[in-house]
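Working notes, beginning with the structure itself.
Derivation of every value follows stated rules applied to the coordinates shown; laboratory data play no part. Everything quoted here is computed from the prediction, not taken from an experiment. Positions of Cβ are backbone-derived with ideal geometry, glycine not excepted, and every protein chain shown enters the neighbour counts.
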Amino acid sequence: MKYTLLAFFISVCFMARAQETSPGAAGQALTGNNNAQIRGRIERPDGTAVAGANVLLEGTRHTVFTDADGRYLLENIRPGAYLLKIIALGVPLTEKQVNLQRGEQEEQHFTLKNAAALLDEVIVTADAASYKPGRLSNSLRLNEPLLEVPQNIQVITSAVLADQQIISMSDQLIRNVSGATRVEHWGDLYTNITMRGTQIQAFRNGFNVVNSYWGPLTEDMSFVDHIEFVKGPAGFMLSNGDPSGLYNVVTKKPTGQEKGEVNLTLGSFDLFRATLDLDGRLSNDGKLLYRLNLAGQNKGSHRDFEFNDRYSIAPVISYQIDEDTKVTAEYTLQHAKMTDVGSFYVFDTEGYATLPVGYTQVAPGLEPTRINDHSVFLNLQHRLSPGWNLTVQGAWFSYQHGGTSLWPAAVNPDGTMIRSAGIWDAQSEMTMGQAFLNGELSTGPVKHRILAGIDMGNKNYQADWGQSHPLDTAGGGEFHIHDPYYGVPANGYPEFDRVTSLEARAVTAGGLMDQQYTGIYVQDELGFLDNRIRLTLAGRYTYVSQSAWGDAAETAEHFTPRIGLSVSIDKSTSFYALYDQAFLPQNGLLSGGGEVKPITGNNTELGIKKDWFDSWNTTLTVYRILKKNELTADPNSPPNSGLSIVLGEKTSQGVEFDLRGEITRGLNLVANYAYTDSRVTEVAPGVPDISEDDIVPGFAAHTINGWLSYQIQTGPLKGTGISAGFTNLLDRATDSWSDSDVRLPDYFRLDGGLFWQGEHLKVTANVFNILDEYLYSGSYYSWLNAFYWQTEAPRNFRLSVGYRF
């Protein structure tokens with residue numbers, strides 16, 4: 001039955017949609033239920049659209065944001081007199097009294113004489129109000145509707161994050177994107193998302209924030225507006241990056257509205273969480289705005305002795321200098337205090353899932369890991385002339401990590417093991433800058449969308465992982481896997497050298513990494529036949545110098561072209577084709593010695609996108625990615641050894657389908673399916689135990705996800721809703737290279753809940769893993785002759801109460 005849930009969800013939605021009144025009968029429907037509607041367009045004096053302006057009826061829940069064409073629609077309004085308000089950045093509040101009659105379709109258009117040109121950050125909030133996005137954030141640089149972009153880009157809006165009670169990047173968020181899985185996920189420390197056969201790059205506000213193999217720290221959702229998943233190479237954004245794609249976390253920005261929201265969440269395993277979101281104006285003219293997000297949580301685990309306590313502080317200020325120029329400053333601090341990062345894993349020689357779901361091999365007396373993650377963003381947007389905008393932004397990241405990593409030194413056939421605690425002290429610093437230009441011009445009948453930019457960055461990472469201490473002793477002092485003792489271990493707790501500076505210890509441990517890069521990018525999207533056919537011609541030049549593990553710096557440079565075609569079949573349907581190349585210098589230490597070469601690859605992609613009834617959309621894509629020189633962890637070495645092997649060449653190919661949006665009023669759906677096949681097509685000389693046509697670890701052949709939410713729109717139960725969702729992974733190859741014939745079993749998880757939303761109050765309750773399945777991921781380590789795995793929580797719940805003011 002579980003294999004048919006996705007088809008059932010989609011069938012229910014289509015039947016519900018079929019019962020809707022057709023667009024041509026909209027007026028009759030409005031008259032029939034005595035409701036009214038207001039529609040209109042907001043523009044500047046030159047006739048250009050004001051996108052992202054907030055339109056609301058004072059004293060009601062009716063509020064929307066204008067779309068890319070400046071249009072808005074307020075519907076299902078009870079007859080009566082209202083005050084209609086228009087709020088836009090840098091513009092005095094605009095108000096108008098309206099008196100609505102039964103069944104009336106009122107049109108109200110506005111020209112904002114002092115409207116500022118740069119409202120991209122507000123568009124983010126407009127899209128986030130629903131499950132269906134319309135445009136991308138300014139940080140992705142593509143100044144065009146999502147429907148016209150010749151690439152598969154999926155957006156998880158804030159409405160989805162709230163409905164699913166997602167509180168961090170590692171919190172089942174990937175169910176909303178086709179083909180995404182997580183491997184080696186280190187609990188809630190790092191996200192590490194795999195897509196199209198490879199781990200993808202992590203971005204925040206358009207900056208690549210990866211500075212080691214394990215980062216960055218998972219973002220708390222309190223300061224996140226939405227997340228954009230870019231599938232395939234992204235030359236328009238990456239100076240260097242994996243051809244499988246990236247995800248871009250877009251943080252919350254000021255909207256110009258005077259509003260706030262407080263949320264309290266309680267849950268299983270001693271979860272207590274509180275967040276505060278304040279949004280408003282610091283000046284009467286609306287030029288100086290602010291946004292402040294605060295969060296704090298205590299969080300236990302289904303495993304004993306495990307915890308993850310956090311707090312975050314995220315203030316943002318924006319100032320509209322004049323009609324053409326806006327500057328935004330943003331700071332974020334994330335602090336985490338959590339259990340030793342190896343506590344998430346268990347080991348056994350007998351096979352997977354041989355131990356209870358809540359079992360742990362951690363030593364509770366180990367000191368916790370403490371992390372401070374700082375980030376600063378400065379963004380300036382300036383309109384050079386109508387249709388031409390310049391964006392300049394800089395970012396600084398500082399990350400301090402102090403703690404230990406628990407991993408076995410030996411796992412014995414008699415059911416005993418020697419646990420070893422290794423030091424993991426690290427510091428990361430990144431300074432990055434970007435400038436890019438967006439503009440439009442015409443040469444005869446051809447329309448040009450121009451994008452040109454430069455990226456520069458300096459990244460440094462240093463870590464001491466060279467000290468270790470066995471907690472247990474051989475000959476009677478071992479840890480018994482099936483009869484655990486959680487007192488003081490036989491060999492006591494470690495006393496590491498932290499008097500010597502981290503830099504000196506990192507040199508000794510070989511824990512030094514650095515990277516300096518420069519990238520220049522130019523793109524011209526040529527529009528033919530009234531922009532119904534769009535041809536993208538682009539190229540990027542990248543120069544990179546980097547070193548790792550204490551080796552000497554190596555330099556590389558490369559030119560990567562990009563060719564895309566997007567054809568509008570009609571106003572709501574587009575077909576696209578894409579060829580893009582990727583270039584990714586990689587750090588690593590080869591087990592057999594030798595030079596590490598950059599990854600080169602290309603992506604060929606075909607797809608079709610469609611917007612349905614302006615409320616939901618679908619994307620269907622087929623792709624093929626070829627990668628050369630990629631490193632993978634040596635299965636015969638410990639995971640923190642840094643030793644790798646070169647695959648040679650691999651090919652990933654597959655099919656992806658994504659559906660998201662409001663199928664009918666009150667009924668929202670996210671559904672997706674992906675078929676992924678990633679195999680070795682050429683083996684590098686000297687690589688042992690890997691053959692051509694071997695499956696590359698890191699994916700599931702079939703991933704199927706669905707999330708359905710319905711809210712009652714009228715009657716005494718108005719505002720009450722129900723939701724349900726599932727994840728199904730079939731033919732999993734998410735484990736690492738190993739010589740074990742035991743594969744991970746199929747995976748099925750079912751979640752669901754109830755909610756109620758009033759004008760100011762919202763209550764949400766969800767139950768996760770409803771079927772109480774034993775869910776896990778893991779692998780077999782040849783060097784240990786043991787299986788390891790990490791379990792997910794058994795059946796558990798969360799209850800959230802939010803109040804908006």
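Students often get this wrong: which residues of the range 447-478 have the backbone nitrogen under 16 Å from the point 7 angstrom along Cα-to-C-beta of Asn531? Counting only backbone N, you get 447-451. Mean residue ellipticity, 222 nm, helices only, the chain: the sum of -39500 (n - 2.57) across DSSP H runs of n ≥ 4, divided by residue count and rounded to 500, is -1500 deg cm²/dmol. For the peptides 192-202, 289-299, 355-365, the ranking by packing is 192-202, 289-299, 355-365, with the highest mean count of neighbouring Cβ atoms within 10 Å listed first. The range 511-557 and the range 154-208 have Cα centres separated by 24 Å. Extension gain for the segment Arg102 to Glu258, taken as residue separation times 0.36 nm less the Cα-Cα distance, is 53.1 nm to one decimal.
Take the Cα of Val376, step 7 Å along the line toward its Cβ, and report every residue of the range 388-402 whose backbone nitrogen sits under 15 Å from that point. Under 15 Å, as judged by backbone N against the label point of Val376, lie 393-399 of the range 388-402.
When only C-alpha pairs under 8 Å and at least 6 residues apart count, what is the relative contact order of the chain, in percent? Intermediate values should be presented prior to the final figure.
Numbers: 2285 pairs, mean separation 86.6, N = 805.
Worked out over the chain, it gives 11 percent.
Please list, by residue number, every one of the trypsin sites (Lys or Arg not before Pro) in the range 513-552 that is coil in DSSP and has at most 16 other beta-carbon atoms within 10 Å. Passing sites in the range 513-552 are Arg532.
Please go through the range 748-805 and write out the GluC sites (Glu not before Pro) that DSSP classes as loop and that have at most 12 other C-beta atoms within 10 Å. Let's see the in-between values first.
Numbers: sites: Glu759, Glu773, Glu792; in loops: Glu759, Glu773, Glu792.
Those that pass, being in a loop and sparsely packed, are Glu759.
Our note on the geometry: Cα centres of the range 329-394 and the range 38-103, 39 Å apart. Helix screen, the chain: no DSSP H segment has Cα axial length of 30 Å or more and mean Kyte-Doolittle hydropathy at least -0.5. In summary, the lysines within cross-link reach of Lys610, defined as a Cα separation below 16 angstrom excluding same-chain residues under 8 places away, comprise Lys132, Lys571.
Using the Cβ-Cβ distance between Ile563 and Trp396 with R0 = 45 Å, the FRET efficiency computed as 1/(1 + (r/R0)^6) comes to roughly 0.80.
Let's test the formula: R0 of 60 Å, r as the Cβ-Cβ distance of Trp756 and Ile317. What FRET efficiency results, to the nearest 0.05? That pair, Trp756 with Ile317, gives E of 0.95.
Spin-label pair Asp69-Tyr579: with each label point 7 Å from Cα along the Cα-Cβ axis, the two points sit 3.4 nm from one another.
The trypsin sites (Lys or Arg not before Pro) found in the range 56-113 that occupy coil by DSSP, while having at most 13 further C-beta atoms within 10 Å, are Arg61, Arg102, Lys113.
When only alpha carbons are used to place a centre, the range 684-720 and the range 239-311 end up 25 Å from one another.
Label reach from Tyr486 (point 7 Å along Cα→C-beta): in the range 172-209, amide nitrogens under 20 Å belong to 187-188.
How would you rank 43-51, 614-622, 474-482, highest first, on the average number of other Cβ atoms within 10 Å across their residues?
Working: 43-51: 16.1, 614-622: 19.1, 474-482: 14.2.
Final packing ranking: 614-622, 43-51, 474-482.
Remark: the Thr111-Asp741 segment gains 220.0 nm on full extension, using 0.36 nm per residue and subtracting the alpha carbon distance.
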